[in-house]
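First comes the structure, then the notes that go with it.
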């Protein structure tokens with residue numbers, strides 16, 4: 001599963017610990033982190049946030065679990 005926009009949420013796959021601090025950032029530089037909400041989508045565990053303002057461009061999506069950040073992929077926002 002790659003990052004996607006569904007029902008007004010930016011959704012990324014999540015398989016980390018339930019009690020971790022989870023954040024999502026959007027952009028080439030992961031400098032603005034938003035606290036993520038853990039949920040389920042199509043039977044898979046996900047982290048999600050409300051996406052930033054739409055630009056119509058593909059933007060990088062980052063997932064940070066505690067202090068470890070990983071680039072997940074790109075999504076058109």
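Taken together, the values in this text are just the output of simple stated rules run on the coordinates, not laboratory data. All of these numbers come straight from a predicted model, not from anything done at the bench. Note that each Cβ is placed from the backbone with ideal geometry, even for glycine, and that neighbours are counted across all protein chains shown.
Rounded to the nearest 0.05, what FRET efficiency do residue 6 and residue 32 have when you use their Cβ-Cβ distance and R0 = 25 Å?
Plugging the Cβ-Cβ distance into 1/(1 + (r/R0)^6) gives 0.70.
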Under the 7 Å Cα-to-Cβ spin-label approximation, residue 50 and residue 20 lie apart by a distance in nanometres of 2.6 nm
Normalising by the residue count of the chain, find the relative contact order in percent from Cα pairs under 8 Å and 6+ residues apart.
-> 34 percent
Calculated from the structure, Kirkwood radius over Cα pairs in Å equals which of (1) 14.2; (2) 12.3; (3) 19.8?
-> (2)
FRET efficiency for residue 69 and residue 42, Cβ-Cβ distance as r, R0 = 22 Å, nearest 0.05?
-> 0.30
